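Only one structure is covered here, and it is reproduced in the block below.
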Amino acid sequence: MQHWLQLMAESLPSLLWAGLIFTIPLTLLSFSFGLILGLITAIARLFGPAPVAIVARFYVWVIRGTPLLVQLFVIFYGLPSIGILLDAFPAALIGFTLNIGAYSSEIIRAVISSVPKGQWEAAYSIGMSWRQAMSRTILPQAGRVAVPPLSNTFISLVKDTSLAAAITVPELFQAAQRIVATTYEPLILYIEAALIYLVLSSILSQLQVRLERRFARYGGMLEANA
């Protein structure tokens with residue numbers, strides 16, 4: 001047991017450093033870009049002309065219908081065959097952004113559609129343009145509803161970044177793999193990596209609860225228990 005504890009203590013700085021330098025930036029950048037892409041895709045599907053809506057639906061269909069790991073392999077290992085060379089981190093960033101964009105677009109599309117038609121009519125009745133109605137009336141209401149599912153997507157992304165190890169991104173999980181290759185102690189090191197992901201997910205889950213309480217649409221159980 002002392003050997004395991006010593007190994008965990010010695011490997012912890014390397015794992016945390018990999019998480020700080022690669023896992024966290026990859027998660028934040030991918031989610032931010034993916035959220036922007038998801039918003040654009042959702043608006044294109046709801047309000048865009050038919051050709052644009054078809055392209056948006058096709059993009060969502062392809063991304064949601066194929067495994068994330070396969071998408072990363074296509075970008076990193078497949079694109080060089082047609083002359084497109086990408087480093088590991090940009091390739092992972094593109095892959096995760098496209099994936100998050102597709103899934104978040106469905107969330108955003110659903111919450112925008114859930115806003116009552118009367119809200120649009122009320123905005124138009126006071127002279128707002130479509131852009132003003134969307135930015136000042138519809139999106140603020142839809143955003144509150146979108147907090148829980150988008151938060152879940154973000155938490156899932158933190159764990160999914162471990163897939164980037166398959167395309168040589170030196171993030172937290174690959175750091176654990178490299179230590180395993182020299183220590184031959186896979187059980188304890190993979191458990192340690194899992195515990196780090198668990199701690200990150202637990203912290204984010206608590207932040208999600210706080211966000212839900214803050215943006216609760218109606219006074220309900222969450223606010224009553226606050």
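The values are calculated or read from the model by the stated rules, or taken from the named source; none is laboratory data. This one's a predicted model, so the numbers in the text were calculated from it and none came from an experiment. Please note: Cβ atoms are built from the backbone with ideal geometry, for glycine as well, and neighbour counts cover all protein chains shown. Each accessible area value is taken on the protein alone, full model and side chains, heavy atoms only, with ligands, DNA and RNA left out. Shrake-Rupley method; radii C 1.70, N 1.55, O 1.52, S 1.80 Å.
List the pairs whose first member sits in region 167-180 and is closer than 20 Å to Gln6 by Cβ, whose second member is open to solvent by less than 40 Å² (accessible area, probe 1.4 Å) and of a type in the set (Asp, Glu), and whose Cβ atoms are under 8 Å apart, counting only residues at least 6 apart or on separate chains?
Matching pairs, first to second residue: Ala176/Glu192.
Test Ala44 against the stated conditions and say whether it is surrounded by 12 or more Cβ atoms within 10 Å (Cβ to Cβ), over 30 Å from Arg131 (Cβ atoms) and of a type outside the set (Lys, Arg).
no
Out of the helices (runs of 4 or more DSSP H) lying entirely within region 24-126, which hold 3 or more residues that are closer than 25 Å to Lys159 by Cα and touching a residue at least 12 places away in the same chain (Cβ under 8 Å)?
Once the helices (runs of 4 or more DSSP H) in region 24-126 are filtered for at least 3 residues that are closer than 25 Å to Lys159 by Cα and touching a residue at least 12 places away in the same chain (Cβ under 8 Å), what remains is 24-47, 50-65, 68-73, 88-114.
Given (1) more than 25 Å from Glu192 (Cα to Cα); (2) outside any helix (DSSP H, G or I); (3) not aliphatic (A, V, I, L, M), identify the lone condition not met by Gln132.
Result: Gln132 fails condition (2) only.
Is there a residue in region 10-28 that is closer than 25 Å to Ser151 by Cβ and charged (D, E, K, R)?
No, there is no match, as no residue in region 10-28 is closer than 25 Å to Ser151 by Cβ and charged (D, E, K, R).
Thr182 - would you say it is modelled with pLDDT under 95, under 30 Å from Glu10 (Cα atoms) and either of a type in the set (Val, Ile, Thr) or not in a helix (DSSP H, G or I) (or both)?
So Thr182 passes the test.
So is Glu192 open to solvent by less than 60 Å² (accessible area, probe 1.4 Å), part of a helix (DSSP H, G or I) and among the acidic types (Asp, Glu) or not?
Taking the combined requirement at face value, the residue satisfies it.
Please determine whether any residue of region 80-90 is over 22 Å from Phe22 (Cα atoms) and small (Gly, Ala, Ser).
Looking through region 80-90, at least one residue is over 22 Å from Phe22 (Cα atoms) and small (Gly, Ala, Ser).
Criterion first (over 28 Å from Arg210 (Cβ atoms) and buried (at least 16 other Cβ atoms within 10 Å of the Cβ)) does Gln132 satisfy it? Spell out how you get there, then give the answer.
Numbers: over 28 Å from Arg210 (Cβ atoms): yes; buried (at least 16 other Cβ atoms within 10 Å of the Cβ): no.
Considered against the rule, which asks whether it is over 28 Å from Arg210 (Cβ atoms) and buried (at least 16 other Cβ atoms within 10 Å of the Cβ), Gln132 comes out as no.
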